[in-house]
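Every number here is computed from the coordinates shown, using simple stated rules; none is lab data. Values in this document were obtained by computation on a predicted structure and should not be read as measured data. With ideal geometry, Cβ positions are generated from the backbone for all residues, glycine too; neighbour counts draw on all protein chains shown.
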Amino acid sequence: GELTLQHVESVVLHVDVLDLTGWTFPSLKHYCLGSAQSDESNPLQAFDISLLPGPSLNLRSLLLYPQYELDTSMLFWQMFPALEFLGVAQINVDSSPPEDHPLRHLGSSSRPGRRQGDVYEQLSIALEKLPHVVTLITPYIGNESLPEGMEVSRIRLSQTCEIRGVTWTMGNA
């Protein structure tokens, strides 16, 4: 049904099934969507924009953990013109944001060797298309050994961050 929560600025949901059709949060600034059953062995799901409540013109941070893969198009950047922080399991940047877009911080919850592909290579490619990002946050892997060939990608990402002046922070995921 229809629901408007006029003054809600932050929403954190841990659910497996969600239908926000007809819901609006005109003041929403921070939205976190995660699965109630976090299992990294499950394949990533493409993020469906319908999982967001109503217009998101004021949204500053969007966290989609741990199971979502996000493809960004020009439409995505137009839908989130105020987005400063984006955190996802995996990001594929199809289209760079407009020059004046405020996105500055990118987080990835994917750990090397899990799920599909080389997370470091994917992040290097994303950073090439996100010229204003100044902070990258990824899980801390400690002494875990990387899958074959991924060490080269990790070094490339480190070099990309250094050249661009991006602060790469590793934390607990």
Estimated vicinal HN-Hα couplings, Hz - the stretch 84-97 in sequence order (Karplus 6.51, -1.76, 1.60; Gly, Pro = x): 10, 10, 10, x, 9, 5, 8, 10, 10, 8, 6, 9, 5, x
Net charge of Cβ neighbours under 11 Å - reference LEU70; Lys, Arg +1; Asp, Glu -1: -4
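Taking the Cβ of THR21 as the center, what net charge do the other residues with Cβ under 13 Å away carry, scoring Lys and Arg +1 and Asp and Glu -1? Each step should come with its number before you reach the end.
Working: positive: none; negative: GLU2, ASP19, ASP48.
Cβ neighbours under 13 Å give a net charge of -3.
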Amide hydrogen neighbours beyond the local backbone of GLN67, cut-off 5 Å, H modeled: SER35
